[in-house]
Amino acid sequence: MHSESGSVYNNYRGLLDESTKAFRGRDANALKQVLSRASKYKFIIDQVERRPRNAQLLEIGCSRGYLTSYFILSGYQVKGVDISKSAVESARDAFGDHFVLEGDPSIEGGAPYDVIYHVGTIGCVADPLGLTRRLLRLLRPGGCLLFNSPNLESCWLAGQLWIDASPPPDVVSIFPPGFWRNHFAKEAQVEEQIENCDEDKALAIGLSRLFGRRWKKPVPISLDQSSDRYLTGNVSNRMNGQRRRFRDDAGQVFEKSTLKLGQKTGLARLAPARTAEFGIFVKMTRRESSVLSL
């Protein structure tokens, strides 16, 4: 995906540019502010900073290294890993020799780690349970595995089959709350935090449900089209996985007007909470007595 010019993953180049500027300026506070705009990165930063600065860190799926760059600048011992050669090369160019390709012997050789983390990765692998077992095995007892997971409960509309933030060709595996605790309670103490959508999006979802909207399966599109829709999309087309216009029937006109009114008057605050699509934040602390097989 990183090698495709039209991939949405290339939209992270802006984040890389901001992170690189703060990193080269040795401004850890600015770098933290840039990253903390995304709750998934803030979750990782907040958890890792509870650990001593001599903690050994490993990031899986590091992309171009922007999150790992904060821990490098903050003095942690950290290694970033990615399957994409171009992403690893970009991370090295920006932040130094802290990054390796998946399969590098230094990954196993650096174990046991105090903290292993990954962001936006678990829904994109063929064997999420197998990956999680492998990462727990690389932790020292008492060490933490941190990640965010797609939330099945964010399939808000009737008949919905997948998370609309990842329409074809970027579909992901999705997991119900409690999934990670049910599968790994013996090996680790598992904590899950559930993130909710912002108020405007919650209102839009509530209105769609009120009017009995059914989910419309998106038509698979090219990477270039996917990138364009990601950049120019609004709440409605992200909910449906494709750009769509309101038809002229009275129900849809009323829904659109109500949404605007709710945004202007603050009534959106009264909308029922809705779960965020990638907002299951998981912390697994490896148990002292756990024995993990390959």
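The values are calculated or read from the model by the stated rules, or taken from the named source; none is laboratory data. For clarity, every value in this text was computed on a predicted model and none was experimentally measured. In this analysis, Cβ positions are derived from the backbone assuming ideal geometry, glycine residues included, and neighbour counts consider all displayed protein chains. The protein model used for the area step is the full one, side chains on, heavy atoms only, and it has no ligands, DNA or RNA in it. Shrake-Rupley method; radii C 1.70, N 1.55, O 1.52, S 1.80 Å.
For C197, the residues whose amide H sits under 5 Å from its own are R274, T275, A276, ignoring neighbours fewer than 5 places away on the same chain, with H placed 1.01 Å from N. So if R0 is 41 Å, what FRET efficiency would R133 and L210 give, r being the distance between their Cβ atoms, rounded to the nearest 0.05? With a Förster radius of 41 Å, E is 0.45. Counting charges near S149 (Lys, Arg +1; Asp, Glu -1) among other residues having Cβ under 14 Å from its Cβ returns a value of -2.
Per-residue surface analysis assigns I194 an accessible area of about 80 Å², computed on protein heavy atoms at 1.4 Å probe radius.
The share of accessible area on the range 6-111 that comes from carbon and sulfur is 47 percent, using a 1.4 angstrom probe.
Spatial offset of the range 138-216 relative to the range 93-126 amounts to 24 Å, using the alpha carbon center of each. Our coupling estimate for the range 197-206, obtained by passing each phi through the Karplus curve with A = 6.51, B = -1.76, C = 1.60 and θ = phi - 60°, is 5, 5, 4, 5, 5, 4, 5, 4, 5, x Hz, Gly and Pro reported as x. Amide H contacts of Q56 (H built 1.01 Å from N, in plane; Pro and chain starts excluded): D114, V115 sit under 5 Å, all sequence-distant by 5 or more or on other chains.
Please work out how much accessible surface I60 shows to a 1.4 Å probe, ignoring ligands, DNA and RNA, in Å² rounded to 10. Spelled out: I60, probe radius 1.4 Å, area about 20 Å². Rolling a 1.4 Å probe across all protein chains gives R92 an accessible area of roughly 100 Å². Solvent-accessible surface of the range 76-117, taken per residue with a 1.4 Å probe and all protein chains present: 44 Å².
Residue-wise HN-Hα couplings along the range 181-186, as the Karplus relation 6.51 cos²θ - 1.76 cosθ + 1.60 with θ = phi - 60° gives them from phi, are 5, 5, 8, 10, 5, 6 Hz; Gly and Pro carry x. Taking a Cβ cut-off of under 9 Å around A111, the surrounding Lys, Arg, Asp and Glu residues balance to a net charge of +1, with basic ones at +1 and acidic ones at -1.
Checking the cross-link pairs K40/K79; K32/K201; K217/K283 against a 21 Å limit on the alpha carbon distance flags K32/K201; K217/K283 as lying beyond it.
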